[in-house]
Amino acid sequence: MIVRSNTILVAALALLVAGCAGRNTHDLLNKTTVTVPASDIAATHEIFVATTRQKATKDPRQVFDGDRSLTTGYARVDVTVPKVHQPGAIERARGSADSNPAKQFTATEVVHYEGAPQFAKAVGANIAISGDRALVFVHGFNNGFDDGVYRLTQIAHDTKYPGTPVLFSWASSGKTSGYIYDKDSSTAARDDLEATLRMLAKTRVKSIDIIAHSMGTWLTMEALRQLAITGDRDLGGKLGYVILASPDIDVDVFKKQMIRYGKPDKPFAILLSGDDRALKLSSLISGDKPRVGDYGNAADLASYGVVVADLTNTKGGDRLNHAKFADNPILVQLLGDRLRTPAALRSNEPNSAEFDNIGQGIGKAVGSVAEIVITTPFKVLTIATGGE
C-alpha cells in the first residue's frame, strides 16, 4: 500500500508540473538576439520586479534562480512583444535558440537596484507617468523567474493595462519534484510581499491591483491576512482589484483567511474551473481535500464577500486547464475590459448587462454552447450563449 501511494504521488506530481510551466531551462536572457526592424515590435514593456530569489550565479542568463534569499531583491526587465503576437500566447524561443524579437517575447535589458529605496524611487516615477496604477502579479508553482516575467508581460500587453506592471517573484524551484519546496518558499515570502505592497502604497499610486495564480494565491492571501491583522487591509484605501485565478488553497484554510481579512470593500474575484486537472492532482497530494480553484460550491465561497466566476466551459491553453484567465484570448481581453476601469468605480454587485457581454464573448471562445456562472454575495447569474 505504501509503495502504491508513493507511485501515485510521483505520477500526480509529474502531471501537475506539466500544467504550470514545465520548461527544461529557465534562461531569460539569450546568448544573442537577432536585430529586427522597429516595425516588427508591437511594444516594449518595463516589468518591475521584487523577488525572494537569489541572483543566478551558475547561469547568469536566468538572472534570478530557484534558491531562496532571506532578503528581497529588486530589478527591472524590459521585454519586447512581437507584432505577430496572438492574445493569450507567450511566443518564446525554444531551448538555446537565439531570440528573434520579430517572432518571440525578448528580454532586452535587466536593471538591478541596490535596495528598496532605489527601487521605490524608480517604480514610483514610472507609476507617476503611466497612469497612477500598479498591477502586481504573483505567479504560481513550478515557475522560473523567466516564466513570471513573460506571463506578466503577456497579461499587461493583452489587457492593455493602464499602469505599471510589478512582478512579485517568489523562489519557486521550477522543478518537477518541487511542490513541497515551492509551498514552503511561498510561505517564506509572506513578509516580503506585504512589504512590497506597503512600499507601492507609499508612492503616488492611486490603485494597486493584484492578480495571483495557483500557489501564488496562497501567498497573496497570507499577505492580505497580515495586512488585516495590522489594521491596514486596504493599504490606506489604495488596494484595488484582487483576482485569484485557479487558487491552490485548501477550502477551509481560505475560509479562515477570509474570516480574518473580512468582507472585501473592493472587487475581489475567484476564477475557478471544474475541469482544472492540476488542482485535482493537488487535491490528491493534499489528502484528497478540495482546493478553492475547483470547488463545487460557489455560493459557499461567495458568502465570504467574494465574486466567483466558474470558467469550466471555456477553453484553456494548456492540457490541464490551469491558466485560462491568461491563455484564453477572449478571457484575457475581457479581464482587460474590467481592469481598465479603476476598482473604486466598481460596485461589489456585478451588472447583469456587463456579464451578458462576457457570456457572449465566452461563447465565441469555446466555439459552441457556453455557460458561465457568476456567483456573488447577492445573486447568481447564469449566462448561456451559442457559438458562432
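The values are calculated or read from the model by the stated rules, or taken from the named source; none is laboratory data. Everything numeric in this text was worked out from a predicted model, so none of it was measured. Virtual Cβ from ideal backbone geometry, glycine too; neighbours counted across all protein chains shown. Keep in mind that these areas ignore ligands, DNA and RNA; they rest on the heavy atoms of the full protein, side chains included. Shrake-Rupley method; radii C 1.70, N 1.55, O 1.52, S 1.80 Å.
Kindly list, by first and then second residue, each pair from a residue in region 114-131 that is closer than 23 Å to Thr71 by Cα to a residue that is crowded, with 17+ Cβ neighbours inside 10 Å, limited to pairs with Cβ atoms under 6 Å and residues at least 6 apart or on different chains.
Hits for this filter: Phe119/Tyr74; Phe119/Tyr113; Ala120/Met199; Val123/Phe48; Gly124/Thr203.
Pick out the one residue from Glu91, Glu109 that is open to solvent by 20 Å² or more (accessible area, probe 1.4 Å) and more than 28 Å from Val205 (Cα to Cα). Before the answer, list the steps.
Details: Glu109 fails: more than 28 Å from Val205 (Cα to Cα).
Testing whether each residue is open to solvent by 20 Å² or more (accessible area, probe 1.4 Å) and more than 28 Å from Val205 (Cα to Cα) leaves just Glu91.
Mind checking whether some residue in region 33-51 is over 17 Å from His139 (Cβ atoms), outside any strand (DSSP E or B), among the hydroxyl-bearing types (Ser, Thr, Tyr) and at pLDDT 95 or above? First the steps, then the outcome.
Of region 33-51, the ones over 17 Å from His139 (Cβ atoms) are 33-44, 46.
Of the ones still in play, those that are also outside any strand (DSSP E or B) are 34-40.
Next, only the ones that are among the hydroxyl-bearing types (Ser, Thr, Tyr) stay: 35, 39.
Among the residues that remain, those that are also at pLDDT 95 or above are: 39.
Yes, that holds for at least one residue.
How many of the residues in region 167-195 are open to solvent by less than 10 Å² (accessible area, probe 1.4 Å) and among the hydroxyl-bearing types (Ser, Thr, Tyr)? Spell out the reasoning first.
If we filter region 167-195 for residues that are open to solvent by less than 10 Å² (accessible area, probe 1.4 Å), which is where we start, we get 167-172, 178, 182, 185-186, 189, 193.
Narrowing further to those that are among the hydroxyl-bearing types (Ser, Thr, Tyr): 169, 172, 185-186.
Residues in region 167-195 being open to solvent by less than 10 Å² (accessible area, probe 1.4 Å) and among the hydroxyl-bearing types (Ser, Thr, Tyr): 4 in total.
Sort out which residues of region 225-275 are touching a Pro at 6+ places or on another chain (Cβ under 7 Å) and among the small types (Gly, Ala, Ser), and write them in order of number.
Gly240
Any residue at all in region 304-325 that's crowded, with 19+ Cβ neighbours inside 10 Å, on the phi > 0 side of the Ramachandran plot and modelled with pLDDT of 90 or more?
yes
So, Gln104, is that one under 18 Å from the mean Cα position of the chain (by Cα), surrounded by fewer than 24 Cβ atoms within 10 Å (Cβ to Cβ) and closer than 17 Å to Val79 by Cα or not? First the steps, then the outcome.
Details: under 18 Å from the mean Cα position of the chain (by Cα): no; surrounded by fewer than 24 Cβ atoms within 10 Å (Cβ to Cβ): yes; closer than 17 Å to Val79 by Cα: yes.
No; evaluated as a whole, the condition is false for this residue.
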